[in-house]
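In what follows, a single structure is set out as structure tokens and then discussed.
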């Protein structure tokens, strides 16, 4: 496929501010609302949660948030979890154990795997897929999760897609610039899609829309000619 208006530089029609209602091109992606406010992403359905009760190992569990948004713990049963911050969930569990079972319980909660904190990495990488995303991850971290670039990848043609509210954004990052310290490695967040194009690829807005549709389905992207 040769996108109309593309050039060998990969930059045609992709200046910041380009785009339309379905995809907006920006120089740097806006952070998700929670990150912008300094708030961690809340607990989500299907998250894997580790609950540790200090000095009471029999009550400690690793549990999954069910489809109703609850976790099930010894003695206290179901506890609503989805939509809460880790700190709020921790306090709720402490209060539940403290009401009837323990004196001044100390509880810690850790999200071991977050359904909301997954990143899709596709295109010219060694192992395309959807990966659990550790806290405070960067673009370089996301590419490393996918095994790094394939032999035909162009480090200057790395595109990150992000939805904030009702708007989808895309930004182009030159990984060679990042590696030599010419610019920082941007943060990546749950739900982001990273697509790496081949050095021979021509990149235009319509091309990016098509690629985003393929990557979002989890399908493997071939080289975009």
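Could you check residue 144 against (1) part of a helix (DSSP H, G or I); (2) surrounded by fewer than 19 Cβ atoms within 10 Å (Cβ to Cβ); (3) in contact with a strand residue (DSSP E or B) (Cβ under 8 Å, 6 or more places away or on another chain) and say which number it fails?
Result: residue 144 fails condition (3) only.
Kindly list the number of the only condition in (1) over 22 Å from the mean Cα position of the chain (by Cα); (2) buried (at least 16 other Cβ atoms within 10 Å of the Cβ) that fails for residue 75.
(2)
Of the conditions (1) farther than 30 Å from residue 156 by Cβ; (2) part of a loop (DSSP other than H, G, I, E, B), residue 30 clears all except one; give me its number.
Status for residue 30: all satisfied but (1).
Table: residues versus (1) assigned by TED's automatic domain parsing to the domain that holds residue 131; (2) within 28 Å of residue 114 (Cα to Cα); (3) in a strand (DSSP E or B).
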| site | (1), (2), (3) |
| --- | --- |
| 155 | yes, no, yes |
| 159 | yes, yes, yes |
| 172 | yes, yes, yes |
| 177 | yes, no, no |
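How many residues does segment 46-68 contain that are within 26 Å of the chain's Cα centre (by Cα), on the phi < 0 side of the Ramachandran plot and part of a loop (DSSP other than H, G, I, E, B)?
5
For segment 28-47, enumerate the residues that are surrounded by fewer than 16 Cβ atoms within 10 Å (Cβ to Cβ) and modelled with pLDDT of 90 or more.
Selection gives 28, 30.
Just to be sure, is residue 107 within 20 Å of residue 134 (Cα to Cα), touching a strand residue (DSSP E or B) at 6+ places or on another chain (Cβ under 9 Å), surrounded by 16 or more Cβ atoms within 10 Å (Cβ to Cβ) and touching a residue at least 12 places away in the same chain (Cβ under 8 Å)?
Against the criterion (within 20 Å of residue 134 (Cα to Cα), touching a strand residue (DSSP E or B) at 6+ places or on another chain (Cβ under 9 Å), surrounded by 16 or more Cβ atoms within 10 Å (Cβ to Cβ) and touching a residue at least 12 places away in the same chain (Cβ under 8 Å)), residue 107 does not qualify.
Table: residues versus (1) in a loop (DSSP other than H, G, I, E, B); (2) under 30 Å from residue 158 (Cβ atoms); (3) modelled with pLDDT of 90 or more; (4) not assigned by TED's automatic domain parsing to the domain that holds residue 162.
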position: 14; (1), (2), (3), (4): yes, yes, no, yes
position: 78; (1), (2), (3), (4): no, no, yes, yes
position: 83; (1), (2), (3), (4): yes, no, no, yes
position: 98; (1), (2), (3), (4): no, no, yes, yes
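With 25, 51 as the choices, which residue is modelled with pLDDT of 95 or more and surrounded by 15 or more Cβ atoms within 10 Å (Cβ to Cβ)?
Of 25, 51, the one residue that is modelled with pLDDT of 95 or more and surrounded by 15 or more Cβ atoms within 10 Å (Cβ to Cβ) is 51.
Please work out which residue is surrounded by the fewest Cβ atoms within 10 Å (Cβ to Cβ), limiting yourself to segment 147-166 and to residues that are over 19 Å from residue 177 (Cβ atoms), in contact with a strand residue (DSSP E or B) (Cβ under 7 Å, 6 or more places away or on another chain) and in contact (Cβ under 8 Å) with a residue 24 or more places away in the chain. Quick ask: steps written out before the conclusion?
Of all residues in segment 147-166, those over 19 Å from residue 177 (Cβ atoms) come to 147, 150-152, 161-166.
This time we only want the ones that are in contact with a strand residue (DSSP E or B) (Cβ under 7 Å, 6 or more places away or on another chain), so: 147, 150, 152, 161-162.
From the residues that got through so far, the ones that are in contact (Cβ under 8 Å) with a residue 24 or more places away in the chain too are 150, 152, 161-162.
Working: 150: 16, 152: 13, 161: 22, 162: 21.
So, considering only residues that are over 19 Å from residue 177 (Cβ atoms), in contact with a strand residue (DSSP E or B) (Cβ under 7 Å, 6 or more places away or on another chain) and in contact (Cβ under 8 Å) with a residue 24 or more places away in the chain, the one surrounded by the fewest Cβ atoms within 10 Å (Cβ to Cβ) is 152.
The values are calculated or read from the model by the stated rules, or taken from the named source; none is laboratory data. Treat the numbers as computed from the prediction; the structure is a model and nothing was measured. Here the Cβ is made from the backbone with ideal geometry for all residues, glycine too, and neighbour counts use every protein chain on show.
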